[in-house]
Every structure is written in structure tokens, then in C-alpha cells.
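Read through the structure below, which is laid out as C-alpha cells, and then see the notes.
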Amino acid sequence: MIPLPDLAVIVGVALACACAVGLVGLGVLRLARRASLTAQLCVVVLAAVLSVLAGMVAVARAMYLSGHDLVVAMWVAGVSGVVAVAVALVLGRGLVSDVRRARSLARAVGEGRTVRPSTAGSAELAALSAELAATSERLADARAEAERVERSRRDLVAWISHDLRTPLAGLRAMAEALEDGLVDDPARYHRQIQAQADRLSGMVDDLFELSRVHSGTLALCLEPVALYDLVSDAVAELTPLARARSVTLRQTGPTDLTVVGDARELARAVGNLLINALQHSPAGSEVVVSTTAETADQVAVSVVDAGGGIPEADLTRIFEAGWRGSSARTPESVDDAADHVRATGAGLGLAIARGIAEAHDGGVRVRNVPGGCRFDVLLPRLATTMVG
């Protein structure tokens, strides 16, 4: 057994040599930080081998080992070092190949392509590859969503331009007719001009409301709101439009459901759903608006029309701004007998209703029912809102 003093000398000398060679190795690595991964790995291996050799030489001198034993030990260490460097070169080439593969995946992601994860290489590089693949899928989904939104925006601009141009053209024609004295009943033209101006004003209000919803600047004045009273007011306001279109408007549901919200904005959301239902329902049909308790902490305002169903593929787009479905579900203009009722003809009413519901921590949904569609505005109940 080696005496403790001699062991202390051996450990101290070996540690000093290892530290000295390690510092030199760190300096070389710092200078070679731009070099390839293989070169840096070889530097690490060489530093380890040289630290062993330096320690052996220093210990041999301190312990007065024979020259023969020292030469044998150095040859053994040298051969081991050569083998270690060769192994480092092989490992380095494998690591470089894995890194190049990861770089290729990153380049593909940057070019907008969807990539598949690679299982080759170390666990860390495999995890990096999987993350790049997941990122490429998320980016592809984001690009698809951005393209969809851009198409929706272009469609909205086109539809808004068309819907604005129609009343403007009518206003110009009626104004020119009045100016030229070609009108037998000026009072009738004045009423039509006022109706068209109200229609334009409603469309501008819708655009402003939608911009506030999308920008997150919709300011809500929160207070307890009795849903039954809110729906009753909306039904009373739209009854003339329902009569003009020969549609029955009926309200059902309990009278004790209350939410915390902005009464004006919630009335606008419910009114938009009712206008949408009335515009789509044929004469002689019925539109039913009801309030129900969906769960212990959620209520729903539901509007059921008889305007025919919506294709399943279109149900996910019905609440997009400016979206219009088939001709059977395309909004029609309101009758002159109900011109005092604000109507949305630019396909913004449902999008505004969704934005208002979401601003109240709620949501909207739509589904087909026999003969028509059912639209629901979901809102948290008063007790849940107050606790939150």
C-alpha cells in the first residue's frame, strides 16, 4: 500500500499537471471556437491525454522511477492517446453529420416547408429535430390561418364596397331626380333617402364596432343584466321587421336568469342574431328566441330560425367578418315597412355578436336543426362572474 505522504505527492503533482494542461486546452479551445466540432473534440481528447502524460512524467521524476518504466508508461499512454484521438475523429464526424442534418431542417423550416423529425443522432439532437418539426407544423398552421384571414379581409373589403355603393347610387339617383324636378312624390323620395342614409349609418356603425372588437378596445360598462328583459326589448324592437316579413317572433324561457355585462352591447349581439334569423326565414315561419341555463355557471340566449340549414363545411366560418354562405343563407335587404329597424347587410352582424360574447368571457356556437339553424350566445351567470 502506498504511504499517505507519497500518495499526497502523487495526487498533488497529477492535479497540478492536469490543471496546467487543462488551462492550456481551454485557451486553445477559445482560440478555436470558430473551428469545426471535430477539431474541438480532438483538442479535448488531446488535452486529456497530455494531462495524463504530464502527470506521469512529473510523478516519475518526483518518485525517482526508472527510465525504462517511464518509457513504457509513456508508450502506453501515447498509444492510448492515438486511439482516443481516432475515436474522437469518428465521433466528431457523426456529431457533425447530426448537426448538419439539424441545420438542414432549420433551413427548411425557414423556407416555409414542413419537415419530419429525425430519430438519428444523440438524444439532444433528436429532441431538437422533433422541436423543429413541431415548429414547422405550427408555422404552416399559422401561415394557413394568415392566408385565410387575408382572404376574409379582401372579401370583406369587396363586399363592403359593394354594399356601400348600392345605397350611394340610389341616393345619387334620387337626389338628381329631385334636383331636375322629375319626381311626382318628393315626400316619398325624401323617406327613401332617409332610409338609405340610415342604412349607411348602420353599416358604418358596424364597421366601427367590428374594429373595436378586433383591436380589443371594446369598453364594457358592466352591471347586472336580466336576460329576459334584455331579450324582450330586442323582440319588441324587431317586431315591426318580423311583421313586415310575415314572420312570427316568439320569446320563451325563465325570467330569473341574470348575467354581469354591458346591456347595450349584449342587446346589440342579440339583435344581430335576431336580424340574421329574420332575414333568412321565409314568410309564414317562426323565429324563436329563448334564454336557458346551460349549466350551473353558464346561460345561453338561443335564436332558432327556419331559413334552411348551413353546409357543415361552412359552420366553422359563419362567424367570420364578411363571410356569406350559399344564396339560401345570404342576407336580404329589409322591407321598406321596417326601414326604421337597423339592418346589417355587410355580413358583420354575426362577427360582432361573437366579439361581444367573447368580450364577456363567453362564446357563440351554431348548429343545424330541422328546417333551420340554431345560434347560441353563451354567457357566464351572475354568481360565477362575481366570484371570479
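The values are calculated or read from the model by the stated rules, or taken from the named source; none is laboratory data. The model shown is predicted, which means the values in this text are computed figures rather than measured ones. A quick note on method: Cβ atoms are made from the backbone with ideal geometry, for glycine too, and the neighbour counts reach across all protein chains shown. Remember, those area values only see protein heavy atoms, side chains included, never the ligands or the DNA or RNA. Shrake-Rupley method; radii C 1.70, N 1.55, O 1.52, S 1.80 Å.
Computed quantities for the displayed model
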{"read-out": "Any hit, the range 160-175, residues being within 32 Å of the chain's Cα centre (by Cα), modelled with pLDDT under 90, surrounded by 14 or more Cβ atoms within 10 Å (Cβ to Cβ) and closer than 21 Å to Gly271 by Cβ", "value": "yes"}
{"read-out": "Any hit, the range 199-221, residues being touching a Pro at 6+ places or on another chain (Cβ under 6 Å) and either surrounded by 12 or more Cβ atoms within 10 Å (Cβ to Cβ) or not small (Gly, Ala, Ser) (or both)", "value": "yes"}
{"read-out": "Residue among Ser290, Ser302 that alone is open to solvent by less than 30 Å² (accessible area, probe 1.4 Å), closer than 12 Å to Cys373 by Cβ and either hydrophobic (A, V, I, L, M, F, W, C) or modelled with pLDDT of 80 or more (or both)", "value": "Ser302"}
{"read-out": "Any hit, the range 230-239, residues being of a type in the set (D, E, K, R), farther than 18 Å from Val377 by Cα and in contact (Cβ under 8 Å) with a residue 24 or more places away in the chain", "value": "yes"}
